[in-house]
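*Asks:* Questions regarding the structure given below will be posed in turn.
The values are calculated or read from the model by the stated rules, or taken from the named source; none is laboratory data. Keep in mind that this is a model prediction, so the values were computed, not measured. When we count neighbours, we look across all protein chains shown, and the Cβ atoms used for this are built from the backbone with ideal geometry, even at glycine.
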Amino acid sequence: MKRTFGLFAALSVLGNGAFAQDEAVLESFSGTRVLTNHSVQLLPERTLEFIVAHKFGDIAGASGGLQNFYGFDNLADVRIAFEYGVLDNLDIGLGRNKGVGLITGVIDGYAKYKILQQKQSGMPVNLVFVSSLILPYKAAISDSSSVASYPKFLNRFTFTNQLLVARKFSDRFVLQANVGYNHRNFVDFVDANGLVFAGVSARTRFTKTIGLLVEYNHIFNRPESIVDNYQDPLSVGIEILTGGHSFILNFSNSRALNENIFVPNTTSNWLDGQWRFGFSINRRFKL
């Protein structure tokens, strides 16, 4: 009897070890975004997430300072969105953005699919594909030289496709890289319709509820004649997690809240004080 019990105990330990090796590594990031760009994190199946995000005006520089209460008197962008986990490896989302510059009154949508799932043993990374688009719906501008004149309906669309790869090294540190292609159907005659970009993001947790987030993207093929007019988007933020909500406080040189706008249209420079405060609040519901 003792030998039988010992055999079952040994098999149990070995079995648990075998299952542990195949166990998925969960929660690389707390939400579907790092700060404003997508993360490898997907929503669980039949889970709805409601998101409200804001970005304010410049904190410093010519447009910041006390006269604009360090940016709080100006609203750069606001986004309200719903995102849904169709399957554990498939998300969809729909949102509305205030927009930035001439690209205002914007509806956005995306679909995200997880190709690879990081495991305790075997698969070392998460690999995710995400495709997104925006549609500005406000009336076209009469000036035919404007990027918001939209001669045809299809001119309104902008698309972005990305591959995201991330590894959760520990409960406290996650590193993500992304490479993508942004295509605007209608641009200024000196600009390029298609932009190739790549970025890196990281999450460091100080406690179970507080963490540091960093996000950077570099655009590779901006035309030489206008490259000096634009900046690479760089954001730093703090996440605060509660039982049902997540709060993200961020500082960024990009004004927009959607990758289809901030990738091609970031013009603010950190070194000139043209960075701003923003925040997002996420609430999940199990349906």
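*Asks:* Hey, could you check the range 211-240 for residues that are in contact (Cβ under 8 Å) with a residue 24 or more places away in the chain and among the acidic types (Asp, Glu) and say which is surrounded by the fewest Cβ atoms within 10 Å (Cβ to Cβ)?
*Replies:* Ranking the candidates gives Asp232 first.
*Asks:* Residue by residue through the range 130-147, note down the ones that are touching a strand residue (DSSP E or B) at 6+ places or on another chain (Cβ under 7 Å) and either free of Cβ contacts under 8 Å to residues at least 12 places away in the same chain or surrounded by 14 or more Cβ atoms within 10 Å (Cβ to Cβ) (or both).
*Replies:* Correct list: Val130, Ser131, Ser132, Leu133, Ile134, Leu135, Pro136, Lys138.
*Asks:* In the range 167-188, is there at least one residue being over 14 Å from Val263 (Cβ atoms), assigned to a loop (DSSP other than H, G, I, E, B) and out of contact with any strand residue (DSSP E or B) (no Cβ under 8 Å at 6 or more places or on another chain)?
*Replies:* Yes, the range 167-188 contains a residue that is over 14 Å from Val263 (Cβ atoms), assigned to a loop (DSSP other than H, G, I, E, B) and out of contact with any strand residue (DSSP E or B) (no Cβ under 8 Å at 6 or more places or on another chain).
*Asks:* Separate question: Filter the range 60-112 down to residues that are small (Gly, Ala, Ser), part of a strand (DSSP E or B) and free of Cβ contacts under 8 Å to residues at least 24 places away in the same chain, then give me how many there are.
*Replies:* Residues meeting the conditions: 1.
*Asks:* Quick one: how many residues across the range 52-85 are surrounded by fewer than 21 Cβ atoms within 10 Å (Cβ to Cβ), closer than 17 Å to Asn282 by Cα and aliphatic (A, V, I, L, M)?
*Replies:* So the answer is 3.
*Asks:* Further, regarding this structure: Can you tell me which condition Leu90 does not meet? The list is (1) within 15 Å of the chain's Cα centre (by Cα); (2) surrounded by 15 or more Cβ atoms within 10 Å (Cβ to Cβ), and all the others hold.
*Replies:* All conditions are met except number (1).
*Asks:* Among the numbered conditions (1) touching an Asp or Glu at 6+ places or on another chain (Cβ under 8 Å); (2) under 24 Å from Ser254 (Cα atoms); (3) surrounded by fewer than 16 Cβ atoms within 10 Å (Cβ to Cβ), tell me where Ser121 comes up short.
*Replies:* With respect to (1) touching an Asp or Glu at 6+ places or on another chain (Cβ under 8 Å); (2) under 24 Å from Ser254 (Cα atoms); (3) surrounded by fewer than 16 Cβ atoms within 10 Å (Cβ to Cβ), Ser121 is out only on (2).
*Asks:* Something else now. So, in the range 206-221, exactly how many residues are charged (D, E, K, R) and at pLDDT 95 or above?
*Replies:* Filtering the range 206-221 down to residues charged (D, E, K, R) leaves 208, 215.
Of the ones still in play, those that are also at pLDDT 95 or above are 215.
Residues that pass the stated criteria total 1.
*Asks:* So, of the residues in the range 113-124 that are in a strand (DSSP E or B) and among the aliphatic types (A, V, I, L, M), which turns out to be farthest from Ala148 (Cα to Cα)?
*Replies:* So the residue we want is Leu116.
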